[in-house]
1. Under the 0.36 nm per residue contour assumption, what length would be gained going from the current alpha-carbon distance of PHE56 and THR17 to full extension?
2. I'd like the FRET efficiency for LEU4 and ARG153, computed as 1/(1 + (r/R0)^6) with the beta carbon distance as r and R0 of 45 Å, rounded to 0.05.
3. Where the centre of each part is set by its Cα atoms, how far does the range 1-29 sit from the range 76-126, in angstrom?
4. Can you tell which of PRO155, PRO74, PRO90 shows the greatest fluctuation in a Gaussian network model of the chain with Cα springs below 10 Å?
5. Determine, from the Cβ-Cβ distance of SER88 and PHE216 and an R0 of 30 Å, the FRET efficiency 1/(1 + (r/R0)^6), rounded to the nearest 0.05.
6. Would you mind counting up the charge near ARG27? Only other residues with Cβ under 13 Å from its Cβ, with Lys and Arg at +1 and Asp and Glu at -1.
7. Let me spell out the model: positive unit charges on the Cβ of Lys and Arg, negative unit charges on the Cβ of Asp and Glu, origin at the Cα centre of the range 102-228. What dipole size does that give, in debye rounded to 20?
8. Compute the accessible area per residue over the chain, keeping the other protein chains in place, probe 1.4 Å, unit Å².
Amino acid sequence: MDLLVAGVREALRLLLTGDAEVFAILRLSLEVSGVATLVSLALGVPAGAALALVRFPGRTLLVAAVNAGMGLPPVVVGLFVTLLLWRSGPLGGWEILYTPAAIVLAQAVIAAPIVTGITLAAVQNVPEKFRLQLLALGASRAQMLRVVVREARLPMLAAVMAGFGGVISEIGASLMVGGNIKGQTRTLTTAMVLETGKGNFEIAIALSLLLLVLVFGVNWALTAVQQRRVW
């Protein structure tokens, strides 16, 4: 209990004094996870909508792969992304391993199946009769798709929240592809592991509280948008 109280005090001290290193870590965490979430949305929303609306051979297998990918272990993603970006790997020429770009890539791979799966479920919940009615009224398939996605936009906000929450709090992939380099690739989660290993539990608790506040703040904002549109 004493450690927890000390951690809360340390978190308040770091915030109130404007600790430069902590704010740099906060900013980097928000930037890489935010960009990774946007990338996953750009990939996952069209993929999820297509899987929901198009029937083709092997679709069931692909949907099963997406559902399995929603629980993909971050360390596995980190391993494969590291192999891809390694100097002798297929993408070694990019020379982005142990940079924020590598973390974005790994986190986008983690979040994309989550966004795809939730989008798939949201679009499937739009009644088929509604889609058929749009086509009967003369809408093209592209127009029908836009209307259906718009109808499913509120449930799809859950995809944004789940995708962001999944990557901002992961550590395995970020640690493996980023290297936890001070001032360059150190995020809140990797910093927590480092401080815990050094026995600096107060700082580790403070960083964990800052992470929880960040996650809650983002999800509160998105939930407010979602609930306001519902009513």
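The values are calculated or read from the model by the stated rules, or taken from the named source; none is laboratory data. Just so it is clear, the structure is predicted and the values come from calculations on it, not from any experiment. Neighbour counts run over all protein chains shown; Cβ positions are idealised from the backbone, glycine included. Each accessible area value is taken on the protein alone, full model and side chains, heavy atoms only, with ligands, DNA and RNA left out. Shrake-Rupley method; radii C 1.70, N 1.55, O 1.52, S 1.80 Å.
1. On the way: separation 39, 0.36 × 39 = 14.04 nm, distance 5.82 nm.
Here the segment from PHE56 to THR17 would lengthen by 8.2 nm.
2. On the way: r = 40 Å, r/R0 = 0.89.
That gives a FRET efficiency of 0.65.
3. Cα centroid to Cα centroid, the span is 30 Å.
4. PRO90
5. Details: r = 42 Å, r/R0 = 1.41.
Efficiency, rounded to the nearest 0.05: 0.10.
6. Values: positive: ARG186; negative: ASP19, GLU21, GLU31.
It works out to a net charge of -2.
7. Values: 10 positive and 5 negative charges, 97 e Å.
Dipole about the Cα centre, nearest 20: 460 debye.
8. On the way: 12560 Å² over 231 residues.
So the chain comes to 54 Å² accessible per residue, rounded to a whole number.
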